[in-house]
Amino acid sequence: MSAKKVRVLIVDDSMLFRETVKSRLEEDNGIVVVSTAVDPYDARDKILMYEPDVMILDVQMPKMDGIEFLKRLMPQYPLPVVVMSSVDTNVFDALKYGAVEFVNKPSNTSDSSLELFIKELIIKVKIASIANVSGLKQVIRKSHEEGGKHHKINRKIIAIGASTGGTEALYEILHKLPADAPGIVIVQHMPPVFTKMYAQRLNTTCKMMVKEAEDGDEVQEGLVLIAPGGLQMKLSKLSNRIVVKLFNGEKRNGHIPSVDVLFDSVAQIYGKQAVGVILTGMGQDGAYGLLNMKTEGAKTIGQDERSSIVYGMPKVAYDIGAVDYQLPVAEIHKKILDLV
């Protein structure tokens, strides 16, 4: 018996682009496009009519943009959404209001750039089809609660890995941590350029300073370093300092940057002085690196299934015994503060 196809609704105001995406997606035998829509009003009717598994949504549209549509739609009708966007911070608003994945819309219509776009879109649609969106009715951001009491201990580090759903999970944790928390290093699977925009966005809402990592940046208290898209990131000892090393490595677990590459270096350098956190995401990147950290004495945290958009990476980590504490994302900041 053949596997069930993912039923997709495409929402884009360009007829040519809609039809191109439709025909190319349907070349994949795991996807069927049940309908297309020209704007959010049209899309709303077609969601009710066709009940798609996944909606592909353009961010820039007339009448109502994709962000406003997500704000209105998600509380009433949680649905896995993949947004298409040009290189723009709008994409983070879309993720904030419930989209589970995004793809960078090609700036030109050359065969090669369209080919890459469609390939990535197919992967993201399939990931979105298994995403857990049941919590989205409650989402739309709560609290700016303070991060409780904490004790300052130098030479500690917090290492975090995330993929699908991670942008919001990271926000949930980071904006609750105090300005003098230990240094934090992060791999969030994301294309180049977007990691810098994401870091800048977090920097405006967090007490800690947040930046996209540059080669040679020192790990230090009060600083969050996010691995740049398209480069591997590990830590290295430089006399009495610990610094970030960025390099053009091979993909690991299909990813550059890879959580495992970062976690393995943290295990080696920090041992029991580290706290490792693995968040929502597809696949297993970071699971074995987290186990490596735990073996070296680090304390480890995994996001639980209920609060994960995709319970992949944290599930593998939990199943192999890499996780000391499994928690909802809203409680992870407290456990981090307890441990450091």
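The values are calculated or read from the model by the stated rules, or taken from the named source; none is laboratory data. On a predicted model such as this, the values are computed, not experimentally measured, just so you know. Here Cβ is always computed from backbone atoms with ideal geometry, including for glycine, and neighbour counts include all displayed protein chains.
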Show me the strands (runs of 3 or more DSSP E) found entirely inside the stretch 21-102 where at least 2 residues are over 19 Å from Ile127 (Cα atoms), touching a strand residue (DSSP E or B) at 6+ places or on another chain (Cβ under 8 Å) and modelled with pLDDT of 95 or more. 31-37
For Pro106: the one exception among (1) buried (at least 16 other Cβ atoms within 10 Å of the Cβ); (2) touching a strand residue (DSSP E or B) at 6+ places or on another chain (Cβ under 9 Å): (2)
If a residue must be closer than 18 Å to Ile301 by Cβ and of a type in the set (A, V, I, L, M, F, W, C), how many such residues does the stretch 167-207 contain? 10
So Asp285, is it at pLDDT 95 or above, among the charged types (D, E, K, R) and crowded, with 24+ Cβ neighbours inside 10 Å: yes
A careful count of residues in the stretch 212-230 that are surrounded by fewer than 18 Cβ atoms within 10 Å (Cβ to Cβ) and either at pLDDT 95 or above or more than 17 Å from Ile173 (Cα to Cα) (or both) gives 6
Which listed residue, of Asp264, Asp285, is outside any strand (DSSP E or B), acidic (Asp, Glu) and closer than 25 Å to Val81 by Cβ: Asp285
Restricted to the stretch 123-143, and to residues that are surrounded by fewer than 19 Cβ atoms within 10 Å (Cβ to Cβ) and more than 19 Å from Gln76 (Cα to Cα), which residue is modelled with the lowest pLDDT? Ser143
Looking at the stretch 271-298, which of its residues are farther than 19 Å from Ile309 by Cα and either touching an Asp or Glu at 6+ places or on another chain (Cβ under 8 Å) or of a type in the set (A, V, I, L, M) (or both)? Gly271, Lys272, Ala274, Val275, Tyr288, Gly289, Leu290, Leu291, Asn292, Met293, Lys294, Ala298
Going through the stretch 228-251 in order, the residues found to be more than 15 Å from Ile157 (Cα to Cα) and small (Gly, Ala, Ser) are Gly229, Gly230, Ser239, Gly249
Among Gln273, Gln284, which is farther than 22 Å from Gly165 by Cβ and among the polar types (S, T, N, Q)? Gln273
Flag for Tyr97 being surrounded by fewer than 22 Cβ atoms within 10 Å (Cβ to Cβ) and not polar (S, T, N, Q): no
Would you be able to say whether some residue in the stretch 264-277 is more than 21 Å from the chain's Cα centre (by Cα), crowded, with 18+ Cβ neighbours inside 10 Å and of a type in the set (Asp, Glu)? no
Checking the structure you have, find out if any residue of the stretch 61-82 is among the β-branched types (Val, Ile, Thr) and touching a residue at least 40 places away in the same chain (Cβ under 8 Å). yes
Among the candidates Val100, Val81, Val125, residue that is in contact with a Leu (Cβ under 6 Å, 6 or more places away or on another chain) and of a type outside the set (S, T, N, Q): Val81
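Condition check ((1) of a type in the set (A, V, I, L, M, F, W, C); (2) in contact with a strand residue (DSSP E or B) (Cβ under 6 Å, 6 or more places away or on another chain); (3) within 23 Å of Met293 (Cα to Cα); (4) not assigned by TED's automatic domain parsing to the domain that holds Gly302) across all residues:
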position: Tyr171; (1), (2), (3), (4): no, no, no, no
position: Ala179; (1), (2), (3), (4): yes, no, no, no
position: Val185; (1), (2), (3), (4): yes, yes, yes, no
position: His189; (1), (2), (3), (4): no, yes, yes, no
position: Lys196; (1), (2), (3), (4): no, yes, no, no
position: Ala199; (1), (2), (3), (4): yes, yes, no, no
position: Leu202; (1), (2), (3), (4): yes, yes, no, no
position: Ala227; (1), (2), (3), (4): yes, yes, yes, no
position: Lys234; (1), (2), (3), (4): no, yes, yes, no
